[in-house]
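Each value in this text was obtained by applying a stated rule to the coordinates, not by laboratory testing. All of these numbers come straight from a predicted model, not from anything done at the bench. Neighbour counts run over all protein chains shown; Cβ positions are idealised from the backbone, glycine included.
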Amino acid sequence: MQIQTKQKLKQLRRFRIRKKIVGTKERPRMSVRFTNEHIYVQFIDDSTSVTVASTSTRAKTVSDREKLAANVESAKKVGSLAAQAAIGKGIKAVVFDRNGAKFHGKVKALADAAREGGLQF
């Protein structure tokens, strides 16, 4: 399959998911993005288009960030850090946006760690 076709299909999946989920002030959207090297998590209020909180494997507040990569172990750590960041901002419930990725492997590990950290979704 050509790269353009894969990218087009992933973009269509993102659009299809985003039609159904919307973040509010009380329940922001938890957007998860994976690259080949890093993991990014943002809590977004779509009504005002504002990022309320965020964390990643590149954040300076993360200890041992040189050892973190885009794998399952790092996803668990970033998920718990994301839960701490959200609870620090007063967020307890979120809408999970997997951003076109399958709910499997890294995405599932991050979501489970965030749930264990105290987030509801």
- Note on the structure: Magnitude of the Cβ-charge dipole (Lys and Arg +1, Asp and Glu -1) of the stretch 1-82 about the Cα centre, nearest 20 debye, reported as 480 debye
- Note on the structure: With -39,500 (n - 2.57) per DSSP H segment of 4 or more residues and division by the full residue count of the chain, the 222 nm estimate, nearest 500 deg cm²/dmol, is -12500 deg cm²/dmol
- Query: Among 21-27, 91-97, what's the highest-first ranking by average C-beta atoms within 10 angstrom per residue?
  - Reply: 91-97, 21-27
- If the cut-off is 26 Å between C-alpha atoms, which lysines fall inside it for K106, apart from same-chain ones fewer than 8 positions away? K6, K8, K10, K19, K20, K60, K67, K76, K77, K89, K92
- Step through the residues of the stretch 48-61 one at a time and calculate ³J(HN,Hα) from phi using the Karplus curve (6.51 cos²θ - 1.76 cosθ + 1.60, θ = phi - 60°), rounding each to whole Hz and writing x for Gly and Pro. 10, 6, 10, 7, 7, 8, 7, 7, 7, 6, 9, 5, 6, 7
- So what is the relative contact order of the stretch 3-116, in percent, for Cα pairs below 8 Å that sit 6 or more residues apart? 30 percent
- Message: I want the local charge near S49. Using Cβ-Cβ distances under 15 Å, sum +1 for each Lys or Arg and -1 for each Asp or Glu among the other residues.
- Response: 0
- Query: Can you give the extra length, in nm with one decimal, that the chain gains between Q7 and N71 once fully stretched, where that is 0.36 nm per residue apart less the Cα-Cα distance?
  - Reply: 20.9 nm
- Cα-Cα pairs above 15 Å in the stretch 57-121: how many percent? 50 percent
- Message: Please report the antiparallel percentage of the DSSP beta bridges confined to the chain, to the nearest 5.
- Response: 75 percent
